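Comments concern the structure below.
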Amino acid sequence: MKKLFALFIIALLTVSLAACGSSEEKGSSGGESKDGNKKLVVGASAVPHAEVLEEAKPLLAEKGIDLEVQVFTDYVLPNVTLKDKELDANYFQTPGYLALQMEENKDFDFVSVGEIHQEPIGIYSKKYDSLEDLPDGAKIIMSDSFSDHGRILPIFEKAGVIKLKEGVGANARVEDIVENPKNFDFTTLIEAKLLASSFESGEGDAVAINTNYALEGGINIKEDGIAFEGSDVVPANLVVVRSEDKDREEIKTLVEVLKSKEIQDFIKEKYQGAVISVQ
């Protein structure tokens, strides 16, 4: 009986220790892999960010870094998870979005460590071939992320179909429209990840879609896109880390690999101009 009781206590302790170990390992980032390589955990949007990171994996392995990619389907959790130290870095956001997020979340102490690529936002329509062809009262569907509005509205202004308040530039909002002769309706705002499905469902007269979600949604960018941001104004997509980690050697190596000729060539061949490497 005593022997059985002792075995029960040993088993209970073993389970408890195993549970403690699992708790400590869950959600951790950094450290070393089983093979002795340094480990990096990077959060990313599925397309093109995660695809680019997957291409970078063997290049990083050659430099002693094992990369783990965590894919996110929204623009909120990658920053929350980075703040919680479950990621070493994330790769999905533009400077405008990063600035807005840090303004709204005072516990986000982040910094960009590299500009990797550009994704021109496009205006897509199943019914019309240009912004000038849009009818009076056309319904324009946009992302509910206000940082995108400063990229979308200038596309319409450049086409001459609206006029914005002078000087607003990348900070433009719908209320900054001072001339709208065709009374376009810009009031329908939805989550960015739903824009592609909204377009495919035939909602609205035109939909402004972030390139990553257009690619992920299988939209034919060349055929269905009727207007795009100019390459001279497209913000870069960034690798972002906690400020305390900006000088880590593994982070520097990650950025070097993502800006390497091998990755630039991959982006050019894979995305055919829909995604543009930052030189």
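A crude spin-label estimate for the pair S243 and E104, with each label 7 Å from Cα along the Cβ direction, gives 2.1 nm. Here the simple spin-label model places points 7 Å from the Cα toward Cβ, and for E54 and L194 these points are separated by 2.7 nm.
Tell me, what % of the accessible area of region 138-239 is carbon and sulfur with a 1.4 angstrom probe? For region 138-239, the apolar C and S fraction of the accessible surface comes to 46 percent. Using the Cβ-Cβ distance between E132 and E179 with R0 = 22 Å, the FRET efficiency computed as 1/(1 + (r/R0)^6) comes to roughly 0.90.
Semi-axes of the equivalent ellipsoid of region 152-230 are 24, 13, 12 Å, computed as sqrt(5λ) over the eigenvalues of the C-alpha gyration tensor in descending order. Packing here is the average count of other Cβ atoms within 10 Å per residue, and on that basis the peptides 121-134, 197-210, highest first, run 197-210, 121-134. Summed over the residues of region 173-279 and divided among them, the accessible surface reaches 49 Å² per residue at a probe radius of 1.4 Å. All other residues whose Cβ lies under 11 angstrom from that of M102 are scored, Lys and Arg at +1 and Asp and Glu at -1, for a net of -2. Amide H contacts under 5 Å for F110: S243, restricted to partners 5 or more places along the chain or on a different chain, H placed in the peptide plane at 1.01 Å from N. Here are some pairs, K39/K193; K127/K158; K39/K222; K38/K270; K246/K268; which of them have Cα atoms lying more than 32 Å apart in this structure? The answer is K39/K222. In this structure, the amide hydrogen of T188, modeled 1.01 Å from its nitrogen in the peptide plane, lies closer than 5 angstrom to those of I140, M142, counting only residues at least 5 positions away or on a different chain. Near K126, no amide H atom lies under 5 Å from its own; only residues 5 or more places off or on other chains count, and H is placed 1.01 Å from N.
Say R0 is 30 Å: what FRET efficiency, to the nearest 0.05, do K270 and E68 get from their beta-carbon distance? Working from the Cβ atoms, E equals 0.90.
Value of Rg to Rh for the chain, rounded to two decimals, is 1.10; Kirkwood radius and Rg both from alpha-carbon coordinates. Contact order for the chain, expressed relative to its length and based on alpha carbon pairs under 8 Å spaced 6+ residues apart, stands at 25 percent.
Placing +1 on each Lys and Arg Cβ and -1 on each Asp and Glu Cβ, with no other charges, gives region 123-272 a dipole about its Cα centre of roughly 140 debye. Within region 137-191, the proportion of Cα pairs with more than 14 Å between them is 47 percent.
Note on the chain: with charges restricted to the Cβ of Lys and Arg (+1) and Asp and Glu (-1), its dipole about the Cα centre is near 860 debye.
The values are calculated or read from the model by the stated rules, or taken from the named source; none is laboratory data. Since this is a predicted model, take the numbers as computed values, not measurements. Backbone-built Cβ (ideal geometry, glycine too); neighbour counts: all protein chains shown. With ligands, DNA and RNA removed, areas are computed over all heavy atoms of the protein, side chains included. Shrake-Rupley method; radii C 1.70, N 1.55, O 1.52, S 1.80 Å.
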